[in-house]
Structures are given as structure tokens and as C-alpha cells.
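S.K.: Shown below is the structure under consideration.
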Amino acid sequence: MKEQEILVKETTEELNTYLPKMINGIENFVEYVMQSKEQDAQKLLPVIFEGLEWIAQAIYLKNRIKQGTMKEQELVEKLPLLIDAYENRDFILISDILDYEIKPILEKWIHRIH
């Protein structure tokens with residue numbers, strides 16, 4: 001197996017493990033916001049932001065080696081909305097963007113990996 005093929009395989013395996021964890025983190029964030037637990041929600045944001053960045057980079061790198069059906073641009077184009085909501089400290093909007101715009105993309109990608 002070529003080095004690039006191994007890298008694609010390992011990245012796919014890591015995405016397969018990480019995507020459900022990210023979805024779970026988003027669901028926890030949404031739940032905290034719904035329960036007005038902003039401090040708990042705020043603690044999750046750095047992890048969520050870092051995770052989304054890692055996912056986008058992993059898919060980008062994977063696609064550079066072997067084109068796939070997952071396009072990182074789907075996720076990346078949602079990030080300015082998320083950053084804007086964060087800068088305005090609008091946890092409800094952050095929750096909505098994560099739950100209704102980003103989570104469906106991640107769920108779709110889970111099905112494409114399997």
C-alpha cells in the first residue's frame with residue numbers, strides 16, 4: 001500500500017471515530033443553551049471550534065490525495081456565520097447554526113464514510 005493510500009485510510013478511520021463525537025458535543029452544547037447553562041455551553045465552544053477546524057482540514061487533505069464525496073467547503077462556508085454569532089455572544093444563534101446547519105453536514109458525512 002502506498003504512503004498516500006495509508007494516509008487516506010488512517011484519516012478516514014479518524015474521521016469515522018471523530019464525527020460522532022463532534023455531533024455529540026454539538027448536541028451537548030445545544031442542550032446546555034436550551035437549559036440556559038451558558039457557562040457550560042461556553043466551555044464546549046473551544047473544543048467544538050477546534051474540532052470543526054480539524055474535520056475541515058482532514059477532509060481537505062484527504063481530498064487532495066483521493067477525491068471523495070465530502071467537500072470541506074460545505075463546512076467552511078458555515079464558519080463565518082458561527083464566528084459572527086460568537087463575536088456577538090449570541091449563544092442561541094450559535095446553537096441554531098451548529099444544530100441546523102453544521103450537524104446535518106456532519107451526519108451526511110458519517111453516512112458517506114460507511
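The values are calculated or read from the model by the stated rules, or taken from the named source; none is laboratory data. All of these numbers come straight from a predicted model, not from anything done at the bench. Neighbour counts are summed over all protein chains in view; Cβ atoms, including those assigned to glycine, are modelled from backbone coordinates with ideal geometry.
S.K.: Give just the number: which of (1) in a helix (DSSP H, G or I); (2) in contact (Cβ under 8 Å) with a residue 40 or more places away in the chain does I105 not satisfy?
M.R.: Of the numbered conditions (1) in a helix (DSSP H, G or I); (2) in contact (Cβ under 8 Å) with a residue 40 or more places away in the chain, the odd one out for I105 is (2).
S.K.: Under 7 Å between Cβ atoms, at least 6 apart or on separate chains: pull out the pairs that start in segment 64-82 with a residue that is touching a residue at least 24 places away in the same chain (Cβ under 8 Å) and end on any residue that is aromatic (F, W, Y).
M.R.: M70/W109
S.K.: Something else: Restricting the search to segment 72-88, which residues are out of contact with any Asp or Glu (no Cβ under 9 Å at 6 or more places or on another chain) and under 18 Å from Y100 (Cα atoms)? Reasoning before the result, please.
M.R.: Taking segment 72-88 and keeping what is out of contact with any Asp or Glu (no Cβ under 9 Å at 6 or more places or on another chain), we get 72-77, 80, 83, 86-88.
Hits for segment 72-88 are E72, Q73, E74, L75, V76, E77, P80, I83, Y86.
S.K.: Here's something else I'd like to know. So for segment 7-30 (the condition being over 11 Å from the mean Cα position of the chain (by Cα), assigned to a loop (DSSP other than H, G, I, E, B) and at pLDDT 95 or above), does at least one residue qualify? Give the steps one after another, and end with the answer.
M.R.: Applying the first criterion (over 11 Å from the mean Cα position of the chain (by Cα)) to segment 7-30 yields 7-14, 16-17, 27-30.
So of that shortlist, the ones also assigned to a loop (DSSP other than H, G, I, E, B) come out as none.
Looking for residues that are over 11 Å from the mean Cα position of the chain (by Cα), assigned to a loop (DSSP other than H, G, I, E, B) and at pLDDT 95 or above, one finds none in segment 7-30, hence no.
S.K.: Residues in segment 62-79 that are surrounded by 14 or more Cβ atoms within 10 Å (Cβ to Cβ) and either touching a Leu at 6+ places or on another chain (Cβ under 7 Å) or in a helix (DSSP H, G or I) (or both): how many? Lay out the reasoning, then the answer.
M.R.: Taking segment 62-79 and keeping what is surrounded by 14 or more Cβ atoms within 10 Å (Cβ to Cβ), we get 62-63, 65, 68, 70-72, 74-76, 78-79.
With the extra rule that they be either touching a Leu at 6+ places or on another chain (Cβ under 7 Å) or in a helix (DSSP H, G or I) (or both), the set shrinks to 62-63, 65, 72, 74-76, 79.
Within segment 62-79, residues that are surrounded by 14 or more Cβ atoms within 10 Å (Cβ to Cβ) and either touching a Leu at 6+ places or on another chain (Cβ under 7 Å) or in a helix (DSSP H, G or I) (or both) number 8.
S.K.: Here is a further query. Please determine whether any residue of segment 92-101 is within 16 Å of E13 (Cα to Cα) and assigned to a helix (DSSP H, G or I). Steps first, please.
M.R.: Restricting attention to segment 92-101, the residues satisfying the condition of being within 16 Å of E13 (Cα to Cα) are none.
No: segment 92-101 contains no residue that is within 16 Å of E13 (Cα to Cα) and assigned to a helix (DSSP H, G or I).
S.K.: Can you give me the number of residues within segment 1-56 that are more than 18 Å from I113 (Cα to Cα), touching a residue at least 60 places away in the same chain (Cβ under 8 Å) and either out of contact with any Lys or Arg (no Cβ under 7 Å at 6 or more places or on another chain) or among the acidic types (D, E) (or both)?
M.R.: So in segment 1-56, the residues more than 18 Å from I113 (Cα to Cα) come out as 1-3, 25-50, 53.
Of the ones still in play, those that are also touching a residue at least 60 places away in the same chain (Cβ under 8 Å) are 26-27, 29-30, 33-34.
Applying the additional criterion that residues be either out of contact with any Lys or Arg (no Cβ under 7 Å at 6 or more places or on another chain) or among the acidic types (D, E) (or both) yields 27, 29-30, 33-34.
Of the residues in segment 1-56, 5 are more than 18 Å from I113 (Cα to Cα), touching a residue at least 60 places away in the same chain (Cβ under 8 Å) and either out of contact with any Lys or Arg (no Cβ under 7 Å at 6 or more places or on another chain) or among the acidic types (D, E) (or both).
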